[in-house]
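*Asks:* There's a structure below that I have some questions on.
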Amino acid sequence: MQVTSWIAFFRGINVGGHHIVPMTALKSLLGALGCEVVATYIQSGNVVFRHEQDDAIALSGTIAEAIESQFGFRPQVLLLTRDQLATYANHNPFSEGELEPKTLHLWFLSAEPERANIDGINKLKSASESFKLADHVFYLHAPDGIGRSKLAAKIEKLLGVPATARNWRTVTKVLELAQQVSS
């Protein structure tokens, strides 16, 4: 039986004291759902695991439903394969951002935007910021800091699809973890 290595990015858990999900409890819940070799990175919902299910939509729905049942809220769960995350990381158009990983963010999109407001994105972008929309990822290099970026605060609305962002450090650490889990 084929087993897929998955990365789960949970949106909005353990942020600002809301939607608290201890990582040990999340690992146990995922184990009960048939996930194997479950590993987490930091407390904000980055999980790597293996599972025999190869349908991302079905598996993310199962996981979200189980969290809702156990914790009382239904998070957005974005699943990527290890190979997808590696491809997105390898296609990073802003290598200069890799030197300051907190300035480079990738928004992982639930779908390819059909009506992205590129004009609106360009209007909000500061002079120092650079962005690229490619497939299911929005890359943003914000050298002055993501907290000061007007674009970062509105990007999901401008793209018109649900998304969850991770900085470059998290992307690379989760990818390293995924390599370990899959071997």
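*Asks:* Tell me the residue from Ser60, Ser5 that is buried (at least 18 other Cβ atoms within 10 Å of the Cβ), under 14 Å from Glu176 (Cα atoms) and either among the small types (Gly, Ala, Ser) or free of Cβ contacts under 8 Å to residues at least 24 places away in the same chain (or both), please.
*Replies:* Matching residue, one of Ser60, Ser5: Ser5.
*Asks:* Residues that are under 14 Å from the mean Cα position of the chain (by Cα): list the helices (runs of 4 or more DSSP H) wholly contained in the range 97-183 that include at least 3 such residues.
*Replies:* Helices (runs of 4 or more DSSP H) meeting the threshold: 168-182.
*Asks:* Considering each of Val38, Val47 in turn, give the residue that is crowded, with 17+ Cβ neighbours inside 10 Å, under 15 Å from the mean Cα position of the chain (by Cα) and not in a helix (DSSP H, G or I).
*Replies:* Within the list Val38, Val47, the selection yields Val47.
*Asks:* Which numbered condition in (1) assigned by TED's automatic domain parsing to the domain that holds Ile146; (2) surrounded by 14 or more Cβ atoms within 10 Å (Cβ to Cβ) is the only one that Ser95 fails?
*Replies:* Among (1) assigned by TED's automatic domain parsing to the domain that holds Ile146; (2) surrounded by 14 or more Cβ atoms within 10 Å (Cβ to Cβ), the lone unmet condition for Ser95 is (2).
*Asks:* Separate question: Can you name the number of the only condition in (1) surrounded by 13 or more Cβ atoms within 10 Å (Cβ to Cβ); (2) part of a helix (DSSP H, G or I); (3) at pLDDT 95 or above that Ala25 fails?
*Replies:* Against the list (1) surrounded by 13 or more Cβ atoms within 10 Å (Cβ to Cβ); (2) part of a helix (DSSP H, G or I); (3) at pLDDT 95 or above, Ala25 comes up short only on (3).
*Asks:* Residue by residue through the range 50-89, note down the ones that are part of a strand (DSSP E or B), polar (S, T, N, Q) and closer than 16 Å to Gly12 by Cβ.
*Replies:* Answer for the range 50-89, where residues must be part of a strand (DSSP E or B), polar (S, T, N, Q) and closer than 16 Å to Gly12 by Cβ: just Gln76.
The values are calculated or read from the model by the stated rules, or taken from the named source; none is laboratory data. Quick caveat: nothing in here was measured; it's all calculated off a predicted structure. Ideal geometry is used to build each Cβ from the backbone, glycine not excepted, and the neighbour counts take in all protein chains shown.
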